[in-house]
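Working notes, structure below.
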2 protein chains.
Amino acid sequence: MKLLAVGTVAFDAIETPFGKTDKILGGAATYIGLAASALEAEVGLVSVIGGDFPQGYLDMLTSKNINIDGVEIIKEGKTFFWSGKYHNDLNSRDTLVTELNVLENFDPKIPASFADADVLMLGNLHPAVQLAVLERMSQRPKMVILDTMNFWMDLTWDLLMEVIAKTDVITINDEEARQLSGEYSLVKAAQKIHALGPKFVIIKKGEHGALLFHEGKIFAIPALPLEEVFDPTGAGDTFAGGLAAYITKTGDFSFDNLKNALIVGSAMASFTVEKFGTVRLEDVTKEELKGRINQFRELTTFELTM
Amino acid sequence: MKLLAVGTVAFDAIETPFGKTDKILGGAATYIGLAASALEAEVGLVSVIGGDFPQGYLDMLTSKNINIDGVEIIKEGKTFFWSGKYHNDLNSRDTLVTELNVLENFDPKIPASFADADVLMLGNLHPAVQLAVLERMSQRPKMVILDTMNFWMDLTWDLLMEVIAKTDVITINDEEARQLSGEYSLVKAAQKIHALGPKFVIIKKGEHGALLFHEGKIFAIPALPLEEVFDPTGAGDTFAGGLAAYITKTGDFSFDNLKNALIVGSAMASFTVEKFGTVRLEDVTKEELKGRINQFRELTTFELTM
């Protein structure tokens, strides 16, 4: 099976209580691609970058068997740049700079070899771009996974509703689920979001884990309790990427397998936050991932019978 | 095995977005006792009430095999009264009234039949009272469980440290764990709290569940996702009571059994929040509890192998 992911390939400059970076590699599609690569899923990216994007980063991606035929290079343009500063608790952040640059007129090109991808991951982007990608697939993917955020709810509500209606799985955080549904209870919020289209609703709660809702059933996972979170940037994209890649790799679209995909995505994200940017995710081995999934099992398993 | 619980038996007046009550039955020891009764654990309460406390409430407690020999009645005094109003999200509340009344000079009396209790639950109270109870036991209980809150950290730090040093299990919420330890990371916070005495540290995270820490091991449970939380009052006490009663009933003080106790306490608390005050908890049947524990299993079980 094949996974196509659309999203940003970008520069990030990050400041946390532990230090700061210059412009480093970032972007939703980058994290999704790297998470998929760690799972050895066949993955292609659709994105756009400027002439300022270092060849070395592209080489790193291709060396990891990430197909970048769909990453358009606009020579005279500049790559999307985001800069943010995290507060001391690392649970909130201020955006310092957002330079859309080449992203402003992003017209996504689907590489022929991925137009029939089985799983489509619509990374957090303008819903018009997400819709364009959906329309340009040669056939409807078996599973469409959407990541979005409050920004698009505020600015492009109607377009966002169009994308959501065409989506099988949506991943959003708890505050966004409340905003999208107008319900405080996450159980009720998920019911309303189901009614908008997605059969699977995944609500991300950061350090508190995530919830998966499907046909009245609920699955809950904690986040792995970490001694230190060094840099949360990309954790949500890594989670979505690990999830999408695991589904692609297994070709199993059942609720039970989506549970597994949640664990894998969450385990993967626990690596991303250990260092700045993509550095740690680039290095994850199969053994390490296995170890972290075992930690999940130990963390959540109980034998109670009554 | 026997469980002795010290805490308030009180009047509460509660206002939530769904309605408000006059003075109704409340208090930490009341919730702990009722949770223990639902589990058919042998439980005795140590508390103090005034002459204004209705005989009907006492009769209800004894009808549920809760021993109230340790509940002193001060005829000329008034019962402790708390009144609070919850915000719309039910996650925070304002205290409107706190009348200590007979609690101000509470001198706890341990009934002879429970002075050798195997498990001692020190419900949220002034640490001087908690210490007095500990000292008045005829022998050191096999397990001492402490519930406390930020209020005592602010006002009676040194006394609280004395109690904590004599405690096997402490249950506090996440903000309180951070305040007690000076650490933001809950993993680090638990390490520091272990160093103060308790071998088991339980961190309650409300709608996000709870964490259990013991000798470098961690266990995490989500809260049952509820469509409606009607009144959160007493949820923490019910959790602690269910936990203590399950340990008492099983007589097993191992980490694996404390995991089970966390599930039972959490399942029990999920009933308490369904109606005002103690009403729902008074009615919980074994079958209902079993059902909710099964819900926990469904909520958290996954089959992933990698």
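The values are calculated or read from the model by the stated rules, or taken from the named source; none is laboratory data. This one's a predicted model, so the numbers in the text were calculated from it and none came from an experiment. Counting neighbours? That spans all protein chains shown, and the Cβs are built from the backbone with ideal geometry, glycine included. For accessibility, only protein heavy atoms count, side chains too; no ligands or nucleic acids. Shrake-Rupley method; radii C 1.70, N 1.55, O 1.52, S 1.80 Å.
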Surface/4 of the Cα convex hull for the protein assembly as shown, nm²: 26.6 nm²
Mind computing the radius of gyration and Dmax over the alpha-carbon atoms of the range B:43-158? Å is fine for both. 15.7, 46
Testing the spin-label approximation: label points 7 Å from Cα along Cα→Cβ at B:E175 and A:R140. State their distance in nm. 4.7 nm
For label points placed 7 Å from Cα toward Cβ, what is the shortest-first list of nm distances from B:D107 to its copies? 8.9
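State, in square angstrom and to the nearest 100, the accessible area buried between chains A and B, both chains counted, probe radius 1.4 Å. Numbers along the way, then the final one.
Values: alone 13610 and 13600 Å², together 23630 Å².
Rounded to the nearest hundred, the buried surface is 3600 Å².
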What residues of the range A:101-138 lie in the reach of a label at A:T95, counting those whose backbone N is under 17 Å from a point 7 Å from the Cα along Cα→Cβ? A:101-106, A:123-130
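Calculate, in nm to one decimal, what A:I74 and A:M306 gain on full extension: separation in residues at 0.36 nm each, minus their alpha carbon distance.
Numbers: separation 232, 0.36 × 232 = 83.52 nm, distance 6.36 nm.
So the chain would gain 77.2 nm between A:I74 and A:M306.
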Charge sum, other residues only, whose C-beta stays under 13 Å from B:L58's C-beta, Lys/Arg counted +1 and Asp/Glu -1: -3
How large is the translational diffusion coefficient of the range A:9-53 in µm² per second when you combine the Kirkwood radius over alpha carbon pairs with Stokes-Einstein at 25 °C and 0.890 mPa s? 205 µm²/s
Keeping every protein chain in place, order B:H87, B:H194 by accessible area at 1.4 Å, biggest value first, i.e. largest first. B:H87, B:H194
Among the lysines, which have Cα under 19 Å from the Cα of B:K78 when same-chain residues fewer than 8 positions away are ignored? B:K23, B:K109
Would you list which aspartates and glutamates come within 18 Å of A:K286, measuring only between C-alpha atoms, while excluding same-chain residues fewer than 8 positions from it? A:E40, A:E42, A:E274
Could you let me know the centre-to-centre spacing of the range B:220-278 and the range A:124-199, using Cα atoms, in angstrom? 35 Å
Whole-Å semi-axes of the range B:145-219's equivalent ellipsoid, largest first, each the root of 5 times a Cα gyration tensor eigenvalue? 17, 14, 11
Taking a 1.4 Å probe, which of B:E207, A:E76, A:E183, B:E298 shows the most accessible area, and what order do the others take after it? A:E76, B:E298, B:E207, A:E183
Excluding B:G26 itself, calculate the net charge of residues whose Cβ lies under 11 Å from the Cβ of B:G26, where each Lys or Arg counts +1 and each Asp or Glu counts -1. -2
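Would you mind estimating how fast the range B:2-300 diffuses translationally, via Stokes-Einstein at 4 °C and 1.567 mPa s with the Kirkwood radius over Cα pairs, in µm²/s? Mind dumping the intermediate values first?
Details: Rh = 18.9 Å.
Once the numbers are plugged in, D ends up at 68 µm²/s.
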Net charge near B:K109 (other residues with Cβ under 12 Å of its Cβ; Lys, Arg +1; Asp, Glu -1) is -2
Per residue accessible area of the range A:160-255, 1.4 Å probe, in Å²: 32 Å²
Springs between alpha-carbon pairs under 10 angstrom, Gaussian network model over chain B: which of B:D89, B:D174, B:D237 fluctuates most? B:D89
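Could you order A:I73, A:I263, B:I68 so the one with the most accessible surface comes first? Probe is 1.4 Å. Spell out each step's value before the answer.
Values: A:I73 80, A:I263 0, B:I68 35 Å².
So the residues, ranked largest to smallest area, are A:I73, B:I68, A:I263.
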Could you tell me the accessible area of B:K85 in Å² (1.4 Å probe, neighbours in place), rounded to the nearest ten? 90 Å²
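Report, to two decimal places, the Cα Rg of the range B:148-306 normalised by 2.2 N^0.38 Å (N = number of residues). Mind showing how you got there, number by number?
Details: Rg = 16.0 Å, N = 159, 2.2 N^0.38 = 15.1 Å.
Normalised Cα radius of gyration, the range B:148-306: 1.06.
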